[in-house]
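Here is the structure we will look at, set down as structure tokens.
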Amino acid sequence: MIFTVLRKEDSTLWNEFLNGNRESFEAIYALYHKNLYEYGMRKADDEDLVKDCIQDLFVRLWTKRNSISATTNIKYYLMAALKNLLLNSDIRKARTPVVELEENAFFKMNFVEQELPPSRQPDEQTIRLMAALNQLTGRQKEVLYLRYFEEMDYEQIAQLMDISVKGIYKLNYRAIDALKEILNLPKNDILVLLAVCRLYFMK
């Protein structure tokens, strides 16, 4: 039954959850848990903290659903909420994680190709891209991840990173420009490689 619910539009699924539909709530978790985990680990690099915050997020969603507003983009809503939990939660204050979570101070972008099955091992160009991504600043890595891996629009990224839309455009441009210089490739080739990289690691 959940698989039927998964195909619904975000706004419909979210509204059903807000009205107390447990099946829709479970479908939201099934749809976006992996995205939240991936994003959380890149922001915090502390698996226990990330898992605790994701669990806390969904507990809060269910218990406070009567006061939560509507949304047309569930993934963005959840990622923004998780980011706030990672930065401000009592869990973080109590544990004092190894990686400091100041705004945009850290963003992990490395991918481990050994974790993939043999049928999905990346080619040499994709491996070069992964190495190049790790040479970028934290903010540059985050804007590329949100834009090309999570496929968010510039307005959503601006809100999530607390930067103006104009600033996000500039940051994205500089990140792509840096990759062009590192890899000695034109912009279109960089964009193709980012799309290929997403196919490897975002399934």
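The values are calculated or read from the model by the stated rules, or taken from the named source; none is laboratory data. Computed from a predicted structure; not experimentally measured. Backbone-built Cβ (ideal geometry, glycine too); neighbour counts: all protein chains shown.
Tabulated data
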| read-out | value |
| --- | --- |
| Residue tally, condition hydrophobic (A, V, I, L, M, F, W, C) and out of contact with any helix residue (DSSP H, G or I) (no Cβ under 8 Å at 6 or more places or on another chain), over the range 34-60 | 1 |
| Unique match (being assigned to a helix (DSSP H, G or I) and either in the same structural domain as Gly40 (by TED's automatic domain parsing) or of a type outside the set (D, E, K, R) (or both)) among Ile163, Ile127 | Ile127 |
| Residue check for Ile168: of a type in the set (Val, Ile, Thr) and either assigned to a loop (DSSP other than H, G, I, E, B) or surrounded by fewer than 18 Cβ atoms within 10 Å (Cβ to Cβ) (or both) | no |
| Residues located in the range 171-194, provided they are under 15 Å from Lys141 (Cα atoms) and surrounded by fewer than 16 Cβ atoms within 10 Å (Cβ to Cβ) | Tyr173, Arg174, Asp177, Lys180, Leu191 |
| Odd one out for Gly20 among (1) assigned to a helix (DSSP H, G or I); (2) over 22 Å from Met161 (Cα atoms) | (1) |
| Residue check for Asp189: on the phi < 0 side of the Ramachandran plot and among the charged types (D, E, K, R) | yes |
| Test set (1) outside any loop (DSSP other than H, G, I, E, B); (2) modelled with pLDDT of 80 or more; (3) of a type outside the set (Lys, Arg) - Gln135 fails condition number | (1) |
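Let's see how each residue does on (1) modelled with pLDDT under 90; (2) surrounded by fewer than 19 Cβ atoms within 10 Å (Cβ to Cβ); (3) in contact with a Ser or Thr (Cβ under 6 Å, 6 or more places away or on another chain); (4) over 28 Å from Glu155 (Cβ atoms):
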{"position": "Ile2", "(1), (2), (3), (4)": "yes, yes, no, yes"}
{"position": "Arg22", "(1), (2), (3), (4)": "no, yes, no, yes"}
{"position": "Lys43", "(1), (2), (3), (4)": "yes, no, no, no"}
{"position": "Lys51", "(1), (2), (3), (4)": "no, yes, no, yes"}
{"position": "Leu57", "(1), (2), (3), (4)": "no, no, no, no"}
{"position": "Thr63", "(1), (2), (3), (4)": "no, yes, no, yes"}
{"position": "Ser67", "(1), (2), (3), (4)": "no, yes, no, no"}
{"position": "Tyr76", "(1), (2), (3), (4)": "no, no, no, no"}
